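The values are calculated or read from the model by the stated rules, or taken from the named source; none is laboratory data. Keep in mind that this is a model prediction, so the values were computed, not measured. Glycine gets a Cβ as well: all are built from the backbone with ideal geometry, and neighbour counts include every protein chain shown. Heads up: the accessible areas ignore ligands, DNA and RNA and are worked out on the full protein's heavy atoms, side chains in. Shrake-Rupley method; radii C 1.70, N 1.55, O 1.52, S 1.80 Å.
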Amino acid sequence: MSNPLDPHAAIVTEAAGLDQGGMLRTADGQPLAKALARSSRRARRRAFFLVLPLLAFVLLTFVLPIGQMLMRSVKNDGFSAYMPQLSAWFEANPDVTEPDDAAWAALAADLEASAKDRTIGIVGTRINYEIPGTRSLFTSAGRKARGGIEPPYREAMLDMDEEWGDPKLWGVMRQASDPYTANFYLAAMDRTRDEAGNIVLAPEEQRIYLHLFLRTFWLSLIITGTTFLLGFPIAHLLATLPMRQSNLLMILVLLPFWTSLLVRTTAWMVLLQQQGVVNDVFVWLGLIGDGQRLQMIYNQTGTIIAMTHILLPFMILPLYSVMRTINPSYVRAARSLGATSWTAFRRIYFPQTLPGLGAGALLVFILAVGYYITPALVGGSSGQLISNLIAMHMTQTLNWSMAAALAAMLLGGVLILYWVYDRLVGIDNLKLG
Amino acid sequence: MTAQPGNDAFVVFDHVQKSYDGQTLVVKDLNLSIGKGEFLTMLGPSGSGKTTCLMMLAGFETATHGEILLDGKNINDVPPHKRGIGMVFQNYALFPHMTVGENLSFPLEVRGMSKSEREERVTRALDMVQMGKFKNRRPAQLSGGQQQRIALARALVFDPKLVLMDEPLGALDKQLREHMQFEIKALHDRLGITVVYVTHDQGEALTMSDRIAVFNDGRIQQLAPPPSLYEQPENSFVAGFIGENNALRGTIQELQGDKALVRLTNGELIDATAVNIRERGQETTVSIRPERVEFKPELMPRDAHTIEAKVRDVVYMGDILRARLCVAGQDDFVMKYRNTLGQVKLSPGQSIRIGWHPEDARALDPV
Ligand SMILES: Nc1ncnc2c1ncn2[C@@H]1O[C@H](COP(=O)(O)OP(=O)(O)OP(=O)(O)O)[C@@H](O)[C@H]1O
Ligand SMILES: [Mg+2]
């Protein structure tokens, strides 16, 4: 540096020796980089052994099950495993659309075998995912097939039910004969395949998922916004109040964490329902008439209010931890330099809270996107989120592949957002505490 | 002490009191008037209220009682951003999310200056502290001394008439600190600004200031230019706080005008100048600077009293020698003498007689 007045501009003296080639060497002549790598290897190995138990735990309980679940979204062998002969025929005749005698024979033989093994229900369920109402077709055929099916098979099958001749059914069976399928993802995007196998929009009344994804992201965005609006001033107060008051306030902020989620959600029901406390107060104040009580629960409003409350601490805590580290002298400096308190806030204080805001927003958004209990309880039908549908597929329709596909898409969406955040703000700017 | 707002009084504290908790006064009746272009230092131990005074002047704390005048106008109700006072904070308070250039241009932006004028002023201010090349760096990429300069430039870039500095050099190492003291002083002389400077480093205060206000316990103990502060301390606190000092306890034996004869605790008599002594028989602490103590008879005034001293040890310090003596039962008495060719060698255990000019021994309040 050429600043003659700067005593810090001292010349850096080289501690390690420089040889002719310019490579740094230690005192005994080894390349410095190599010596450094060796000395840090031990430390790395020890660190690895320290985290090994946790790593094993996470692998066993988290990574493996999730991987398996995701696998289910593209693999379902409910048909191919129990209808082996028909599956083999589909594979041998890739282009034939009209089933020949061999195909009918294979179908009859498979039905007979799987009826004996009592697996016909699984096969029916698999086809039922694609053509609702076909499960009974398989189970009743299975009942009749137990006594044996006599050739000619085509006529025998059509005798049982005209529907066996439906080309759409054959198209679906052909698709299901391959255990690997993208159909669940198509369905999750409200798409389906026509008889020729082209991807088309699902019928109007079956399009629910895209709408629900959009609603989930939109509501999560709103909830992130409301937690920010409510949480920012509180976090600021927490960070600037004297220790005793701020500790008390902090307890109030954390109080929701110490009460059961269910209790909190039910409390909102008591408050928000039409005959509830809030409506009573509004009526009493004369803001609304007794006949126009507001519908604030069992719809989107209910979901937004209850989830804002529940997720608020996740916004406040990262904001608080960042704000606490902002030295008050920055704002003072800005004021002494001539800035009004609003300018000092906008230009000096707020930008420094961004790492906390980013962390809080990301946390709240990701939690909200996957939230389940609260929307299920207070959301009514218009306040349901995508996770409620995932749960439905897990517990009611037992279409785990569909649940897995929806979950994978949710995960993908969140990862994309995370990536966007990284590009815009930088993940290293994230401060969680 | 009362403030005497002279013609050139630029800043006036008029009977200012400050309490944070409503129970104790942190600043007790502060009266101070600072002239235009003056370099005034507030010096005092930790917790004596220096920062509080500065914050009241800057507008970040309100005075509990009393008035603060700036350029003749009461500023008690003027918000900080309208006071036009430059301020350098102890931790510099450079905005971490802005570059050096943006930091400097901030005060100009909020004043609504045009872009070209801002550029020009920022460049000028950076050149003033020899930091022109660092315009695009962030504060975190600068050394402590460099940040210090930027903080200084930022406080000066909008041409304030008054600049406040709260221990601006506290975080720097000794060498850099001395260097920056010199630079700040040079800037002050060149720009003709008024500076109120807070420090608890007395060396810094002595080398830089036009006047020093020594704070203790929420009061100004003495307000004087550096030489008189050092040579004529007005009370025991100032004598003990500024520089090295010998304090001998005794009672006033005789008092004639400002000439006092003091009887020390072991019965010996010494001459002293009475400073805040009113009557005979009063207890006192006599303060003598170590370098004003003589031990060679030919250097002492002829009729002055001398007293017995026993050498305990002598420390060689290069330019001077520092002897620790046992005087009147106190064994922390220090005497400094020059290391000249053929200087008398003192050795531990040796008995000598020491004395001083009566003006150099100041009879102050007892501690
Ligand atoms: N915001 C505050 N609230 C309550 N008491 C305070 C506050 N700021 C300072 N004090 C008290 O006021 C007294 C004077 O503090 P001040 O900061 O003015 O001291 P100082 O002279 O600047 O000390 P130092 O040299 O350590 O900076 C101290 O006892 C301190 O505890
Ligand atoms: Mg201070």
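Some observations on this one:
- Normalising the average separation of contacting C-alpha pairs (under 8 angstrom, six or more residues apart) by the number of residues puts the relative contact order of the range A:198-298 at 13 percent.
- Accessible area buried at the B-A interface, both sides summed, 1.4 Å probe (Å², nearest 100): 2600 Å²
- Rounded to the nearest 500, the helix-only mean residue ellipticity at 222 nm of chain B stands at -6500 deg cm²/dmol, with each DSSP H run of n ≥ 4 adding -39,500 (n - 2.57).
- Residues in the range B:283-319 that a label on B:Thr251 would reach, taking backbone N under 15 Å of a point 7 Å out along Cα→Cβ: B:283-285
- Straight-distance crosslink candidates among aspartates and glutamates, where the alpha carbon sits under 14 Å from B:Lys36 and sequence neighbours closer than 8 are dropped: B:Asp8, B:Asp71, B:Asp189, B:Asp210
- Rounded to whole Hz, the Karplus (6.51, -1.76, 1.60) HN-Hα couplings of the range B:179-190, x for glycine and proline: 5, 5, 4, 4, 5, 4, 4, 5, 4, 4, 5, 6
- Among B:Asp303, B:Asp258, B:Asp71, residue whose mean-square fluctuation peaks in a GNM of chain B (springs only between Cα atoms under 10 Å): B:Asp303
- Accessible surface ranking for A:Met83, A:Met71, 1.4 angstrom probe, highest first: A:Met71, A:Met83.
- Among A:Leu52, A:Leu262, A:Leu254, residue whose mean-square fluctuation peaks in a GNM of chain A (springs only between Cα atoms under 10 Å): A:Leu52
- Calculated FRET efficiency for the pair A:Asn429/B:Glu120, C-beta based, R₀ 35 Å, to 0.05: 0.55
- Of the listed residues B:Lys310, B:Lys336, A:Lys168, the order by accessible area with a 1.4 Å probe, largest first, is B:Lys310, A:Lys168, B:Lys336.
- The range A:250-345 - convex hull of the alpha-carbon atoms, volume per residue in Å³: 154 Å³
- The distance between label points at A:Lys116 and B:Glu244 comes to 11.2 nm (points 7 Å beyond Cα on the Cα→Cβ vector).
- For the range A:54-114 and the range A:138-185, distance of Cα centres in Å: 15 Å
- Unit charges at the beta carbon, dipole of the range A:84-179: most positive-side option, A:Ile131, A:Tyr153, A:Gly165: A:Ile131
- Computed accessible area, B:Lys133, all protein chains, 1.4 angstrom probe, square angstrom: 140 Å²
- For B:Lys18, a cut-off of 16 angstrom between C-alpha atoms picks up these lysines, skipping any fewer than 8 places away in its own chain: B:Lys28, B:Lys50.
- Taking amide H atoms as placed 1.01 Å from N in the peptide plane, the amide H of B:Arg312 lies under 5 Å from those of B:Arg324, B:Leu325, B:Cys326, B:Gly349, each 5 or more residues away in sequence or on another chain.
- Normalised convex hull volume, chain A, alpha-carbon set, Å³ per residue: 306 Å³
- Taking 7 Å steps out from each Cα toward its Cβ at A:Asn299 and A:Val51 produces label points 4.9 nm apart.
- Surface/4 of the Cα convex hull for the protein assembly as shown, nm²: 59.5 nm²
- Gain on full stretching of the segment that runs from A:Asn247 to A:Glu163 - 0.36 nm per residue minus C-alpha separation: 23.1 nm
- Each of B:Met180, B:Tyr230, B:Asn245 was placed along the dipole of the range B:127-255 (beta-carbon charges, centred on the mean Cα), and the one lying farthest toward the positive end is B:Met180.
- The range A:247-309 and the range B:310-331 have their alpha-carbon centroids 80 Å apart.
- Exercise: per-residue mean of other protein chain Cβ atoms within 10 Å, B:142-152: 2
- Using only alpha carbons, the range A:209-429 has a radius of gyration to Kirkwood radius ratio (Rg to Rh) of 1.04.
- Residue-wise HN-Hα coupling along the range B:254-265, computed from phi with Karplus coefficients 6.51, -1.76, 1.60 (Hz; x: Gly, Pro): 9, 9, 10, x, 9, 8, 10, 10, 10, 9, 6, 5
- Accessible-area rank, largest first, for A:Arg146, B:Arg154: A:Arg146, B:Arg154, with all protein chains present and a 1.4 angstrom probe.
- Kirkwood hydrodynamic radius (C-alpha pairs) into Stokes-Einstein, the range B:1-147, 37 °C and 0.692 mPa s, D in µm²/s: 187 µm²/s
- For the range A:294-346, the normalised intensity computed at q = 0.17 Å⁻¹ comes to -0.68 (log10 of I(q)/I(0), Debye sum over alpha carbons, equal scatterers, no solvent).
- Across the range A:240-247, computed HN-Hα scalar couplings (Karplus, 6.51 cos²θ - 1.76 cosθ + 1.60, θ = phi - 60°) run 10, 5, x, 3, 5, 5, 5, 5 Hz from first to last residue, x flagging Gly and Pro.
- The tail of the calculated P(r) for the range B:209-274 beyond 18 Å holds 47 percent of all Cα-Cα pairs.
- Under 5 Å from the amide H of B:Lys259 lie the amide H atoms of B:Ala274, each residue being 5 or more positions distant or on a separate chain, with H modelled from the backbone and absent for Pro and chain starts.
- Rounded FRET efficiency, nearest 0.05, which uses the C-beta distance separating A:Glu150 from A:Thr26 and R0 of 60 Å: 0.10
- For the range A:209-429, the dipole from Cβ point charges (+1 on Lys and Arg, -1 on Asp and Glu) about the Cα centre works out to 600 debye, to the nearest 20.
- Centre-to-centre separation between the Cα atoms of the range B:23-62 and those of the range B:253-289: 34 Å.
- Positive-end residue of A:Thr325, B:Ile354, A:Ala407, charge dipole of the protein assembly as shown with Cβ unit charges: B:Ile354
- Apportionment of accessible area to carbon and sulfur, the protein assembly as shown, percent (1.4 Å): 57 percent
- Residues A:Arg41 and B:Ala186, FRET efficiency given R0 of 41 Å [Cβ-Cβ distance, rounded to 0.05]: 0.15
- Test item: B:93-105 mean partner chain Cβ contacts at 10 Å: 3
- Here's how it looks for A:Gly383: its modeled amide H is under 5 Å from those of A:Gln300, which are all 5 or more places away or on a different chain.
- Electrostatic dipole magnitude of chain A [Cβ: Lys, Arg +1; Asp, Glu -1; Cα centre; debye, to 20]: 2900 debye
- Under 20 Å of direct C-alpha separation, and excluding same-chain neighbours fewer than eight residues apart, B:Lys115 reaches these lysines: B:Lys133, B:Lys135.
- Inter-chain Cβ neighbour average for residues B:78-87, partner chain, 10 Å: 4
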